[in-house]
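Here the structure is laid out as structure tokens; the discussion comes afterwards.
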Amino acid sequence: MIVFDHVSKVYSNGTVGLDDVNLTIQDGEFVAIIGRSGAGKSTLLRLMSGVLKADEGEILIDGESVYENENAKKKLFFLPDDPFYTPNLSSNGLAELYKTFYNFDEGRYLEYLEKFKLNPKAPIRNFSKGMKRQVFVSLALAVKPKYLLLDEAFDGLDPLARLVFKRGVIDLVEETGTAVIISSHSLRELEDICDSYGLLDHQTITCSGDIEADLNKIHKFQAAYDAEIDEEILGFDCLSFNRTGRVVRIVARGNAEEIEAKLRALNPLFIEEIPVDFEELFSCEVESRGYLK
């Protein structure tokens, strides 16, 4: 289990990285860390991996502090947005380095290099951004960590590579029970594979929960009316209200039947419920706090 207990981080230039974050990640969870650019996602993952030290609060990996703790760090693998490698290093050479620290599955590593069509002897510096990402994805899957931390996991990957990656991570979770903590702006990709989420805004966790359960709590309706409809006359609070001519699109939290009944009481020309996805849940949660206004 990973625990953030009132964690704050301020960089040397005065920039707040995280502000009083509380978060618990259970073993085997598949967690999406979401938020706008600059919300603190990378800082959270760097603190979780022990790359950075918290200024306040505590971060525990299975009850142990992670910072400067080799035993805790061996349980996790952190793939940052821009991973480091030396100029002349090949994929094979990179694997040799990781073997010195992790119980490394070389067969799994070579299997994924082959799936990605990568030459293990070629210098990594000659690879494209997406190919470099594929090398480090292969490393992550070969390490088989208890906790896998992925920052902007899909960045630079083409659609086929994304599919191979997602299948590989799912197989890893099923095989070893690895907990995966993943940040990305590709919310539709996260919805495919993640069970739960934590929303970062203004450098703190503003809400978290089970993705499917929280999606079932909000409902989106589209309706058309003869007269103009304003949000004030609906009789319930909207997370989102948009009007284009006679057509209104409404997202609200609550009982779907009660929301629909109130909309029908205003005599719509037509009304329909539209499925809500994870991206819309994110937008509504952020907008409801006034951060997009």
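The values are calculated or read from the model by the stated rules, or taken from the named source; none is laboratory data. These figures come from a predicted structure and were not determined experimentally. Counting neighbours? That spans all protein chains shown, and the Cβs are built from the backbone with ideal geometry, glycine included. What goes into the accessible areas is simple: the full protein's heavy atoms, side chains included, and nothing from ligands, DNA or RNA. Shrake-Rupley method; radii C 1.70, N 1.55, O 1.52, S 1.80 Å.
Just how far, in whole angstrom, is region 133-164 from region 215-284 if you go by their alpha carbon centroids?
38
With a 1.4 Å probe and all protein chains left in place, how much of the accessible area of region 9-136 comes from carbon and sulfur atoms, in whole percent?
Answer for region 9-136 is 46 percent, counting heavy atoms of protein chains only.
Please enumerate, by chain and number, the lysines with C-alpha under 19 Å from the C-alpha of Lys121, excluding those fewer than 8 residues away in the same chain.
Lys99, Lys129, Lys132
With charges only on Cβ, +1 for K and R and -1 for D and E, what is the dipole size of region 1-75 about its Cα centre, in debye, rounded to 20?
420
Over the Cα atoms of region 134-179, what radius of gyration and what Dmax do you get, in Å?
10.1, 27
Mind checking the alpha-carbon convex hull of region 79-174 and giving the volume per residue in Å³? Numbers along the way, then the final one.
Numbers: hull volume 8.7 nm³, N = 96.
So the per-residue Cα hull volume is 91 Å³.
In vacuo Debye scattering of the chain, one point per C-alpha: log10 I(q)/I(0) at q = 0.08, 0.15 Å⁻¹?
-0.43, -1.12
In 10 Å bins starting at 0, how do the alpha-carbon pair distances of region 100-238 split up by percent?
Histogram of Cα-Cα distances, whole percents per bin: 9, 32, 27, 15, 9, 6, 2, 0.
Rounded to whole Å and sorted largest first, list the principal axis extents of the Cα atoms in region 196-251.
Principal extents (largest minus smallest coordinate, Cα): 42, 24, 19 Å.
Rank these by accessible area, largest first, 1.4 Å probe: Thr15, Thr244.
Correct descending sequence by accessible area is Thr244, Thr15.
Could you work out the percent of alpha carbon pairs in region 196-293 separated by over 22 Å, rounded to a whole number?
Numbers: 1490 of 4753 pairs.
Pairs farther apart than 22 Å: 31 percent.
Holding the Cα-Cα limit at 27 Å, pick out from Lys146/Lys166; Lys41/Lys73; Lys73/Lys217; Lys41/Lys74 the pairs that are longer than that.
Table pairs above 27 Å Cα-Cα are Lys73/Lys217.
Can you give the log10 of the normalised intensity I(q)/I(0) at q = 0.15, 0.23 Å⁻¹, computed with Debye over equal Cα scatterers of region 25-80?
Normalising to I(0) and taking log10 leaves -0.45, -1.03.
With +1 assigned to the C-beta of every Lys and Arg and -1 to the C-beta of every Asp and Glu, and no other charges, what is the dipole magnitude of the chain about the Cα centre in debye, to the nearest 20?
Result for the chain is approximately 1320 debye, rounded to the nearest 20.
Dipole size in debye (nearest 20) for region 102-154 around its Cα centre, Lys and Arg Cβ +1, Asp and Glu Cβ -1?
Computed charge dipole of region 102-154: roughly 160 debye.
Name the residue from Ala140, Gly198, Ile182 whose Cα lies farthest towards the positive end of the charge dipole of region 121-200, charges +1 on Cβ of Lys and Arg and -1 on Cβ of Asp and Glu.
About the Cα centre, the residue reaching furthest to the positive side is Ala140.
Heavy-atom accessible area per residue, the chain, 1.4 Å probe: how many Å²?
Working: 14180 Å² over 293 residues.
Per residue, the chain has an accessible area of 48 Å².
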